[in-house]
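Okay, so here's the structure we're looking at.
The values are calculated or read from the model by the stated rules, or taken from the named source; none is laboratory data. Quantities reported herein were computed from a predicted structural model and do not represent experimental measurements. All Cβ positions, even for glycine, are placed from backbone atoms using ideal geometry, and neighbour counts span all protein chains on display. Note: accessible area is taken over every heavy atom of the protein model, side chains too, but ligands, DNA and RNA are not part of it. Shrake-Rupley method; radii C 1.70, N 1.55, O 1.52, S 1.80 Å.
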Amino acid sequence: MSSKPWGGRFNERTDISVEAFTSSIQVDKRLYPYDIEGSVAHCRMLAKVGVLTDEESETIVDGLFQIKRELDQDQFDFDDSMEDIHMHIEARLLQLVGKTAQKLHTARSRNDQVALDVRMFLRDATGRIVDGLTALRQTLVDLAEQHTDTVMPGYTHLQRAQPVLLAHHWMAYYEMFTRDAERFDDCLKRTNVMPLGAAALAGTTHPIDRQYTAELLNFPVVTANSLDTVSDRDFIMEFLAAASICMVHFSRLAEELVLWSSTEFSFIQLADAFSTGSSIMPQKKNPDIPELIRGKTGRVVGDLVALITLMKSLPLAYNRDMQEDKPPLFDAVDTVQACIDIVVKMLPTIRVGTETMRRAATRGFLNATDMADYLVGRGMPFRKAHAVVGQAVAHALEQGKELHELTLKELETFSKLIKDDLFDALTLAQMISRRQSAGGTAGDQVRGAIAAAKQRLAQAGAPEAKPKNTKASMR
Ligand code: ARG
């Protein structure tokens, strides 16, 4: 007989290479707090329904807390021959409390156990990420508040288009990261479902009380179908999709920081503390942090693709393939969290070249649309106005001037509707303040958006929104 917990029907010892190949302990050991909490809850439930005596349950729970201490203090031996974290904890429990330990796995399988551990892990991780995004959104709102008078060029196709407030630009990222937080919160609804009790795949013959286990572990509901319970990794795929979208937002912000800090743009300067140098070129100050954020985005999208690909076409119910869900999940959690943390620290240290931004907004015909709008205001159909201003731009280009640098006399040749008041409409101040459409870049609109964001953030930070300890985590 093999010495494995599942070794009863085996005559030979597992080949050493198989142990190394199938082991996941180096990856899944970080699930230990959840594995122990889940076992404590399962054990107490078994005592409640009379499968274990109170004494047996107390013995097991004591042992589990002892193991938790050992793991917390790094005094626990790991060994590839024991596959995964579930087996390690069970084996140690047997050493500590003797054969009573063998009763813990009644009405449970590693299939529902690992589903529980990952759901609990992800529930916590998602909560931390949403908190981090709240801090990031707050940072963006603070920056926006400092820049309600800073005008910069807005771009399409990376060509100067129309002026916008820098505050408006920061608030655009606030909106993206707000949607990300909402997406993570929404995933949480489907993550926060208690799987224990599905056992291997079909449920169990023991008189378990799944609701009670759920209550001990702070789950609002239990899963509905035992086959689905041990097969389902949708909640991880959803999380990775949300993480990928969030990272795409980070990568766009990062790309703008790289561009803006270049000499060509000179819109911002990154702080020395958040930049790096070159080993050969003494003059260099490089934006490695935003560049790495761009790069890490590729990894997280890869994590999503890895999991979706591994789940595709798997027959029900559990398959060992699914053990490969954890590396991408852990990688994405760690990467998103690290990006949030560094950006929250870095953004407030950025120095903004407000004058350079303003100057850039005055060159490149950013007021051409406003000139067309002026003509529309005097009765010209927009398409006609567009053509007229196009001709004026061509003329101005020839003269090496901006539209507002042409004389009234020159301008009149393009349309009789043009009067002296056109020049007012072509100023930066007017271009900004007249974009009063809801969500536009006018100062009033942007200040309104900032006020609304501050109110929302005040609610997001409220203490009742924070997770509580589970009953099973307490002695
Ligand atoms: N380490 C495994 C995993 O992460 C736990 C479940 C193992 N179940 C099994 N039937 N071999 O998926």
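Within the range 308-327, the residues that satisfy the criterion of being within 13 Å of the ligand (Cβ to nearest atom) and assigned to a helix (DSSP H, G or I) are L310, M311, R320, D321, M322, Q323, E324, D325, K326, P327. Any idea which of I308, I245, I268 is open to solvent by less than 70 Å² (accessible area, probe 1.4 Å), closer than 27 Å to R128 by Cα and out of contact with any Pro (no Cβ under 7 Å at 6 or more places or on another chain)? Of the residues listed, the single one that is open to solvent by less than 70 Å² (accessible area, probe 1.4 Å), closer than 27 Å to R128 by Cα and out of contact with any Pro (no Cβ under 7 Å at 6 or more places or on another chain) is I245.
Restricting attention to the range 46-73, the residues being open to solvent by 40 Å² or more (accessible area, probe 1.4 Å) and closer than 13 Å to P33 by Cα number 5. Put simply, of L292, L227, L196 the only residue that is surrounded by fewer than 22 Cβ atoms within 10 Å (Cβ to Cβ) and closer than 30 Å to V51 by Cβ is L227.
I'd like to check something: does the range 253-260 contain any residue that is over 18 Å from the mean Cα position of the chain (by Cα), part of a loop (DSSP other than H, G, I, E, B) and either surrounded by 20 or more Cβ atoms within 10 Å (Cβ to Cβ) or of a type outside the set (V, I, T) (or both)? No. Starting from residues that are part of a helix (DSSP H, G or I) and open to solvent by less than 40 Å² (accessible area, probe 1.4 Å), keep the ones in the range 411-430 and report whichever is nearest to V164 (Cα to Cα). Result: L428.
Looking at this structure, is K68 basic (K, R), more than 16 Å from the ligand (Cβ to nearest atom) and under 34 Å from the mean Cα position of the chain (by Cα)? So K68 passes the test.
Within the range 25-43, the set of residues being within 16 Å of the ligand (Cβ to nearest atom) and crowded, with 20+ Cβ neighbours inside 10 Å comprises D28, L31, Y32, Y34, D35, I36, G38, S39, H42. Looking at this structure, is R160 charged (D, E, K, R) and buried (at least 17 other Cβ atoms within 10 Å of the Cβ)? When the stated conditions are applied, R160 passes them. Screening M371, M346 for residues that are more than 22 Å from K419 (Cα to Cα), under 43 Å from the mean Cα position of the chain (by Cα) and open to solvent by less than 20 Å² (accessible area, probe 1.4 Å) leaves exactly one candidate, M346. Before we move on, is S17 away from the ligand (no atom under 14 Å from the Cβ), among the small types (G, A, S), assigned to a helix (DSSP H, G or I) and modelled with pLDDT under 95? Yes; evaluated as a whole, the condition is true for this residue. Please go through the range 194-247 and give me each residue that is within 16 Å of the ligand (Cβ to nearest atom) and β-branched (V, I, T), ordered by number. Matches in the range 194-247: T204, T229, V230, I236. Only one entry in L329, L310, L304 is under 18 Å from D28 (Cα atoms), in contact (Cβ under 8 Å) with a residue 24 or more places away in the chain and of a type in the set (A, V, I, L, M, F, W, C), namely L329.
Residues in the range 409-457 that are among the acidic types (D, E) and in contact with a Phe, Trp or Tyr (Cβ under 9 Å, 6 or more places away or on another chain): D421 alone. Just one of the numbered conditions (1) within 37 Å of the chain's Cα centre (by Cα); (2) open to solvent by 20 Å² or more (accessible area, probe 1.4 Å) is not true of R383: (1).
Given the criteria within 16 Å of the ligand (Cβ to nearest atom), crowded, with 23+ Cβ neighbours inside 10 Å and not charged (D, E, K, R), does A167 qualify? No, not satisfied.
Only one of the numbered conditions (1) away from the ligand (no atom under 16 Å from the Cβ); (2) over 18 Å from A214 (Cα atoms); (3) in a helix (DSSP H, G or I) is not met by L46, and that is (2). Within the range 38-48, identify whether any single residue is within 22 Å of D321 (Cβ to Cβ), of a type in the set (V, I, T) and out of contact with any His (no Cβ under 7 Å at 6 or more places or on another chain), and answer yes or no. No, there is no match, as no residue in the range 38-48 is within 22 Å of D321 (Cβ to Cβ), of a type in the set (V, I, T) and out of contact with any His (no Cβ under 7 Å at 6 or more places or on another chain). Looking at the structure I just gave you, is L257 modelled with pLDDT of 95 or more and within 16 Å of the ligand (Cβ to nearest atom)? Considered against the rule, which asks whether it is modelled with pLDDT of 95 or more and within 16 Å of the ligand (Cβ to nearest atom), L257 comes out as no. When the residues of the range 83-125 are filtered to those that are under 22 Å from L52 (Cβ atoms), of a type in the set (D, E, K, R) and open to solvent by 40 Å² or more (accessible area, probe 1.4 Å), which remaining residue is nearest to the ligand (Cβ to nearest atom)? Per the stated criteria, the residue is R110.
For the range 266-307, residues that are more than 24 Å from I350 (Cβ to Cβ), assigned to a loop (DSSP other than H, G, I, E, B) and modelled with pLDDT of 95 or more total 0.
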